[in-house]
1. For the subset of the range 7-56 comprising residues that are assigned to a loop (DSSP other than H, G, I, E, B) and in contact with a strand residue (DSSP E or B) (Cβ under 6 Å, 6 or more places away or on another chain), which member is surrounded by the fewest Cβ atoms within 10 Å (Cβ to Cβ)?
2. Looking at this structure, is Asp117 under 16 Å from Val52 (Cα atoms) and among the acidic types (Asp, Glu)?
3. Quick one: would you say Leu40 is modelled with pLDDT of 90 or more and more than 13 Å from the chain's Cα centre (by Cα)?
Amino acid sequence: MPTYSMQHIHLFSKDAIAAGKFYANAFGIETREAKTWQGLPRCDMKLGGLTVLISTVKGDLQETASDRNAQLGINHFGVRVDDMDQAYTDLTAKGVEFTSKPHAYRGSKVAFIEGPDRVSIELVEY
């Protein structure tokens, strides 16, 4: 049986470069500008070893459901933090919106923040 592992997450955005700046600012990571196969701006980054690609898309985009838990596609991605209280203070100071403040869950602490284009990002401390 082959072995599988996560290679990348690919997000769509109306402005990939601006979205990349959010992630660079929030998580202190480096981003690299690239181009999509259509020649549109793309932002590439590594977040904890995982490649995250953000492509600019043009044209009519399907509207997402008002309840992000009632839509198809990516629901959220998780970012591990070593100190949730510090992360909350740091991200709040950077103007990041928490959609769910840190709370205990099954022996760990979790919180959710809102990224560009309504991308939900779970913060997890365990």
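1. Taking the range 7-56 first, the residues assigned to a loop (DSSP other than H, G, I, E, B) are 7, 14-15, 28-30, 36-40, 48-49.
Retained after the next criterion (residues that are in contact with a strand residue (DSSP E or B) (Cβ under 6 Å, 6 or more places away or on another chain)): 29, 36, 40.
Details: Ile29: 14, Thr36: 16, Leu40: 12.
By that ranking, first place goes to Leu40.
2. On the way: under 16 Å from Val52 (Cα atoms): yes; among the acidic types (Asp, Glu): yes.
When the stated conditions are applied, Asp117 passes them.
3. On the way: modelled with pLDDT of 90 or more: yes; more than 13 Å from the chain's Cα centre (by Cα): yes.
Answer is yes for this residue.
Conditions tested, residue by residue: (1) more than 24 Å from Ile17 (Cβ to Cβ); (2) at pLDDT 95 or above; (3) in the same structural domain as Gly20 (by TED's automatic domain parsing).
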{"residue": "Val81", "(1), (2), (3)": "yes, no, no"}
{"residue": "Tyr88", "(1), (2), (3)": "yes, yes, no"}
{"residue": "Thr92", "(1), (2), (3)": "yes, yes, no"}
{"residue": "Lys101", "(1), (2), (3)": "yes, yes, no"}
{"residue": "Arg106", "(1), (2), (3)": "yes, no, no"}
{"residue": "Ala111", "(1), (2), (3)": "yes, yes, no"}
{"residue": "Pro116", "(1), (2), (3)": "no, no, no"}
{"residue": "Val119", "(1), (2), (3)": "no, no, no"}
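Residue-by-condition table, conditions (1) touching a residue at least 40 places away in the same chain (Cβ under 8 Å); (2) out of contact with any Phe, Trp or Tyr (no Cβ under 9 Å at 6 or more places or on another chain); (3) among the aliphatic types (A, V, I, L, M); (4) surrounded by 17 or more Cβ atoms within 10 Å (Cβ to Cβ):
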site: Gln86; (1), (2), (3), (4): no, yes, no, no
site: Leu91; (1), (2), (3), (4): yes, no, yes, yes
site: Lys101; (1), (2), (3), (4): no, no, no, no
site: Lys109; (1), (2), (3), (4): no, no, no, yes
site: Arg118; (1), (2), (3), (4): yes, yes, no, no
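The values are calculated or read from the model by the stated rules, or taken from the named source; none is laboratory data. These numbers were taken from a predicted model, which means no experiment stands behind them. No Cβ is skipped: glycine too gets one built from the backbone with ideal geometry, and neighbour counts run over all protein chains shown.
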